[in-house]
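Working notes, structure below.
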Amino acid sequence: LGLLYQEYRDKSTREEIETRRLQDSQTDPEETSPSEETSSEAEPTSTIENKAPPQINLLRNSNSRFNLWQDLPEVQSSGVLSILQPDEIKLQEAMFELVTSEASYYKSLNLLVSHFMENERLKKILHQSEAHILFSNVLDVMAVSERFLLDLEQRVEENIVISDVCDIVYQHTVNHFSVYITYVSNQTYQERAYKQLLQDKPAFREVISQLELDPKCKGLSFSSFLILPFQRITRLKLLVQNILKKVEEKSDRESTALDAHKELETVVKACNEGVRKMSRTEQMISIQKKLEFKIKSVPIISHSRWLLKQGELQQMNGPKTSRTLRTKKLFREIYLFLFNDLLVICRQIPGDKYQVFDSAPRGLLRVEELEDQGQSLANVFILRLLENADDREASYMLKASSQSEMKRWMISLAPNRRTKFVSFTSRLVDCPQIQCVHPYVAQQPDELSLELADVLNILDKTDDGWIFGERLHDQERGWFPSSMGEEILNPKIRAQNLKECFRVHKSDDSQRRKLGSRNRQ
């Protein structure tokens with residue numbers, strides 16, 4: 001707990017990666033796999049209930065170095081480790097990690113406020129409106145974290161064996177965690193304001209650099225503190241998932257874990273939607289200004305529309321019989337804007353403008369890959385518009401710059417097209433999987449940002465180093481470089497990962513169906 005949250009989080013995910021590597025290298029991972037059945041509840045704990053509550057104050061004792069529940073002196077001296085089943089000890093560790101990571105997170109938030117936000121030199125440089133955009137409602141977020149941590153601490157101090165933490169997570173998520181949605185939704189403006197301040201105010205840049213050099217920051221950047229709330233609310237959901245995988249099925253603790261996970265999922269989705277809504281609106285306005293319609297104008301800006309992919313492709317001129325030609329003049333450049341419900345086909349014209357000459361609803365698009373056509377026609381596919389701007393069927397033969405770019409366009413244009421491997425939602429018994437060992441930030445709308453230790457099903461891959469994957473913990477899909485991950489080769493570990501994920505999301509689906517039924521009644 002002497003670690004700042006950024007360090008704690010990195011250490012935790014690195015350990016998770018190494019654990020999975022170790023399991024993957026074993027021919028029989030059953031010894032390190034969670035047991036199918038746990039008898040943790042059956043073991044009596046009355047022998048330790050009469051002991052004095054241990055004084056484990058994580059909020060005040062920020063220099064505590066205990067990383068594991070079983071390493072606590074109170075736990076080791078109690079003899080409880082010889083009483084509890086191994087599965088219950090794993091569950092205790094999972095619950096304890098949620099508590100200790102919140103303590104580390106609170107410490108980092110406190111540093112963001114006391115060291116940066118309340119710095120007198122910074123206050124004089126920043127206008128009140130600039131400070132508000134930069135720090136948003138971080139004081140509310142810190143107050144919520146402190147209240148949450150105090151309740152978690154109280155639970156830990158009630159008994160050496162932690163009874164549960166997910167009920168506390170549930171209560172705080174429902175009643176207090178809306179502050180995260182406010183903070184995260186401001187992220188687009190926050191990032192822009194920070195870049196603008198660095199560019200326009202040398203004094204701001206100088207003070208931030210000096211503050212970052214303070215030993216308290218441990219070499220971490222100011223921006224790494226600003227993104228803490230978004231990272232934390234996402235990580236908290238994963239920590240609850242980890243607890244859910246370890247609790248006994250059909251138990252009270254499973255029920256509270258499911259409730260907590262469901263509410264956290266709602267908050268995380270609202271956070272993601274808040275960020276997307278801010279950036280999408282501005283992006284749509286920008287695109288609308290660049291388009292000139294040669295055909296009947298189509299209104300681009302809509303609250304329910306967003307950009308999925310844009311880019312240049314080569315259109316083949318002439319009828320399909322011209323495919324025997326082998327000249328560069330065979331192709332001419334076109335530019336596509338693909339939205340979630342609409343495709344707009346353009347040609348770029350001077351002045352950073354695009355002239356629209358065709359369009360079609362996304363649901364009326366079909367794609368077909370051409371194979372064995374020779375080098376000059378490599379990475380060529382046919383795009384069919386079942387009903388275009390002229391209310392007729394149209395076909396375009398398009399050439400991409402690489403195999404990965406071709407596949408990315410084909411999957412984006414026709415999302416229901418079958419991929420090389422079957423997805424998570426098909427409940428396939430085995431499927432190629434990869435774990436992320438290098439974080440990745442998406443550069444294009446069809447890409448997927450990755451965090452360390454993310455596990456994904458591989459849906460498709462290309463010869464030039466790209467993977468189309470589906471992340472197990474939230475079913476988000478997208479492309480990313482294959483160099484960001486390591487393939488999980490052990491089929492038993494892959495099956496274990498899927499089984500754990502099915503348990504979490506199948507239970508979520510069941511909860512939603514029950515809620516829908518109650519609402520209809």
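Given a Förster distance of 25 angstrom, what is the FRET efficiency for Ser163 paired with Arg14, based on the Cβ-Cβ distance and rounded to 0.05? All intermediate terms of the calculation are to be shown ahead of the outcome.
Values: r = 30 Å, r/R0 = 1.20.
FRET efficiency, Ser163 to Arg14: 0.25.
Filter the cross-link list Lys124/Lys218; Lys262/Lys492; Lys11/Lys309; Lys218/Lys461; Lys216/Lys262 down to pairs whose alpha-carbon distance in this structure exceeds 32 Å.
Numbers: Lys124/Lys218 25 Å; Lys262/Lys492 28 Å; Lys11/Lys309 35 Å; Lys218/Lys461 39 Å; Lys216/Lys262 36 Å.
Cα-Cα > 32 Å for Lys11/Lys309; Lys218/Lys461; Lys216/Lys262; rest within.
Full extension from Thr266 to Asp390: what is 0.36 nm times the residue separation minus their Cα-Cα distance, to one decimal in nm?
Details: separation 124, 0.36 × 124 = 44.64 nm, distance 4.20 nm.
Gain in length upon complete extension: 40.4 nm.
What ranking do 297-310, 3-16 get when scored by the average of other Cβ atoms within 10 Å per residue, highest first? Could the numbers behind the result be given before it?
Details: 297-310: 13.9, 3-16: 18.2.
Taking the mean over residues of other Cβ atoms within 10 Å, the ranking is 3-16, 297-310.
Working out 0.36 nm times the residue gap between Glu312 and Lys124, then minus their Cα-Cα distance, what length gain in nm do you get to one decimal? Don't skip to the end; give the middle numbers.
Details: separation 188, 0.36 × 188 = 67.68 nm, distance 4.74 nm.
Once the chain is fully extended between Glu312 and Lys124, it gains 62.9 nm.
Across 10 Å bins from 0, what is the distribution of all Cα-Cα pair distances for the stretch 294-413, in whole percents?
The distribution over the stretch 294-413 is 12, 46, 34, 7, 1, given as percents.
I'd like to check one number: the per residue accessible area of the stretch 433-472, probe 1.4 Å, reported in Å² as a whole number. Could you put the intermediate results ahead of the total?
Working: 1330 Å² over 40 residues.
Accessible area per residue, the stretch 433-472: 33 Å².
Express in nm, to one decimal, how much length is gained between Ala203 and Gln444 on full extension, taking 0.36 nm for each residue of separation and deducting their alpha carbon distance. Walk me through the numbers before you get to the answer.
On the way: separation 241, 0.36 × 241 = 86.76 nm, distance 3.37 nm.
Here the answer is 83.4 nm.
Around Thr234, with a cut-off of 10 angstrom between Cβ atoms, what is the net charge of the other residues, counting Lys and Arg +1 and Asp and Glu -1? Please list the in-between numbers first.
Values: positive: Arg232, Arg235, Lys237; negative: Glu451, Asp474.
Taking every Cβ under 10 Å from that of Thr234, the sum is +1.
Using a 1.4 angstrom probe on heavy atoms only, work out the carbon and sulfur share of the accessible area of the stretch 203-359 in %.
Details: 4100 of 7800 Å².
Solvent-exposed carbon and sulfur of the stretch 203-359 make up 53 percent of the total.
With a 1.4 Å probe and every protein chain kept in, tell me what percent of the accessible surface of the stretch 138-191 is carbon plus sulfur.
On the way: 940 of 2020 Å².
Answer for the stretch 138-191: carbon and sulfur cover 47 percent of the accessible area.
Which aspartates and glutamates have a Cα less than 20 Å from the Cα of Lys123, not counting those fewer than 8 places away in the same chain?
Asp140, Glu191, Asp200, Glu206, Glu212, Asp214
Under a 1.4 Å probe, what is the accessible area of the stretch 65-286 per residue, stated in Å²?
43
How much area per residue is accessible in the stretch 294-413 when the probe is 1.4 Å and only protein heavy atoms are counted (Å²)? Write out the running numbers ahead of the final one.
Numbers: 6190 Å² over 120 residues.
Spelled out: the 1.4 Å probe surface of the stretch 294-413, per residue, equals 52 Å².
D for the stretch 425-513, whole µm²/s, Stokes-Einstein with Kirkwood Rh over alpha-carbon pairs at 20 °C and 1.002 mPa s: what number? Could the numbers behind the result be given before it?
Numbers: Rh = 13.5 Å.
It comes out at roughly 159 µm²/s.
Give me the percent of the accessible area of the stretch 425-513 that comes from carbon and sulfur atoms, probe 1.4 Å, all protein chains in place.
Details: 2000 of 3760 Å².
Answer for the stretch 425-513 is 53 percent, counting heavy atoms of protein chains only.
I need the P(r) histogram for the stretch 65-286: all alpha carbon pairs, bin width 10 Å from 0 out to the longest distance, whole percents.
All Cα pairs considered, the percentages come to 7, 29, 29, 21, 10, 3, 0.
The values are calculated or read from the model by the stated rules, or taken from the named source; none is laboratory data. Given the structure is predicted, the values throughout are model-derived calculations rather than measurements. Using ideal geometry, Cβ is built from the backbone for each residue, glycine included, and neighbour counts are taken over all protein chains shown. What goes into the accessible areas is simple: the full protein's heavy atoms, side chains included, and nothing from ligands, DNA or RNA. Shrake-Rupley method; radii C 1.70, N 1.55, O 1.52, S 1.80 Å.
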